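K.L.:
I'd like to ask you about the structure that follows.
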Amino acid sequence: MDIRPWDDPFETEAAYEGIERRVLAFTDELMLVHYTVDAGAVFPAHTHEEAEQAVYVIDGEIELFGDETAVLGAGDTFVVGPSTEHGVRGRAEETQLIDAFTPPIAEYAER
């Protein structure tokens, strides 16, 4: 078991301008990641060849774009399958997201 307090994540980095990625925990099969997305910040459209991704919006609001489009707020969720194009744009001053990936995104697990 790998227990990590909030102030000691595996990795914290700027994913893109205005988007912070905190890799919280992972195993060989599952990864949990927290994102903070500022208003107007864009995580560009992309795909994951093998991973499925589930997203929970903790607070704030984002615009989902790519193969599907939607505006999502606190409490909303979405699931992205392998090879599905997706990206997000921050619509609130600050949006907090939790993402779960299976299998983990290999480059996020590297130091």
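K.L.:
Given points 7 Å out from each Cα along the Cα-Cβ axis, report the Val42 to Asp28 separation in nanometres with one decimal.
P.N.:
Using points 7 Å along Cα→Cβ, the separation is 4.0 nm.
K.L.:
How big is the convex hull of the Cα atoms of the chain, per residue, in Å³?
P.N.:
Given the Cα convex hull of the chain, per-residue volume reads 96 Å³.
K.L.:
Could you check the spin-label model distance between Trp6 and Ala54? Points 7 Å from the Cα along Cα→Cβ, value in nm.
P.N.:
The two pseudo-label positions are separated by 2.2 nm.
Taken together, the values in this text are just the output of simple stated rules run on the coordinates, not laboratory data. Note that the structure is predicted; figures quoted are calculated from it, not measured. Note that each Cβ is placed from the backbone with ideal geometry, even for glycine, and that neighbours are counted across all protein chains shown.
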